[in-house]
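What follows is a short report on a single structure.
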């Protein structure tokens, strides 16, 4: 409403009507009602739940992918690389290298009677064995097998530990004569070992974790039956200074029939395993029979003990005469023509809560049960059968 109001200066015109924008409360200033708040909370909870499910699906997918990758790595790399070397077992191993048979798998110290070793007691721990004390497993019986093979390098190559093994070559012998010799004799031992603790901190927890984390490893050694003064491989056109240094060191410092490197160090073949087991395929009159290392020793009877006694007093010191093998041929153990390997691998990531990993496996017709305190990881059983092409050497 418009009107005039008196003032000291006369009448002035004023608008007494209030503006519609004055003293007005907006909806936003009044806040949310209880119903609106409940609806917002419900929608927010649904969004959080959906995001959680997506995250869990990603974690599960990652665990499955990691499991698959680990299984493929174990199957395609670890077992195949082992198989390639194990197929060489017995290659070039004539009666002039090993004292007694078999010439492919090391099972008794009598086989190495012509070779010198630092300590026979310690070397015995590195022979093929069933439920070996030096090979562990995350199973209720707590032990894996150990496989030790021997062969002559067919060509210059890298052994399972990544060390250089020289193949057939021309050398200068200690007598000064030039001669063609076969490759170096390589010994490879496959076993399972506990992983070391990751750090000194929290030593108790690390010790518990390492006790459950096992790796399949390989330990290699070598020797040469000949007394070599200078190795002819050093002078080949493609020989590098690095290889020359290795070859010269071997020729100058290593004695004939002296085993070097056994038990010194080893390399991982497959990480994260639960156990490793071996069976030997033995050629009998009625066909091939698969036995453990201990069962093969029973089949061999007293063969190796007879070998030690063949030359009387000399054998007590580990020395055999040149013709002692002829006296043992009639009682020699059956040839080993193949090897079966079984390996249980474990994925690196734990399974999500609510999922239970497989704990019972059938290995060579026997049940292997994972220990109760083993981590809840996805596990895969790998098995392979390897024919020993050089079994005729036995």
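Every number in this text was worked out from the coordinates using simple rules, so none of it is lab data. All values derive from a computational prediction rather than experimental measurement. Note: ideal-geometry Cβ built from the backbone for every residue, glycine included; neighbour counts use all protein chains shown.
By other beta-carbon atoms within 10 Å, ranking 128, 33, 271 with the fewest at the front produces 33, 271, 128. Cβ-to-Cβ counts within 10 Å put 145, 108, 95 in ascending order as 95, 108, 145, the fewest first.
Using Cβ contacts closer than 10 Å as the measure, can you line up 264, 117 from fewest to most? Provide the component values of the computation, followed by the final result.
On the way: 264 10, 117 21.
Exposure proxy ranking, most exposed first: 264, 117.
Just subtract the alpha-carbon distance of residue 288 and residue 49 from 0.36 nm times their residue separation and send over the number in nm, one decimal. Kindly include the intermediate steps, with their values, before the conclusion.
Numbers: separation 239, 0.36 × 239 = 86.04 nm, distance 6.00 nm.
Extra length available between residue 288 and residue 49 comes to 80.0 nm.
Please work out the FRET efficiency for the pair residue 37 and residue 353, using the Cβ-Cβ distance as r and a Förster radius of 30 Å; give the result to the nearest 0.05.
0.35
Note on residue 265 and residue 373: their simple-model spin labels are 3.2 nm apart, each label 7 Å out from Cα toward Cβ.
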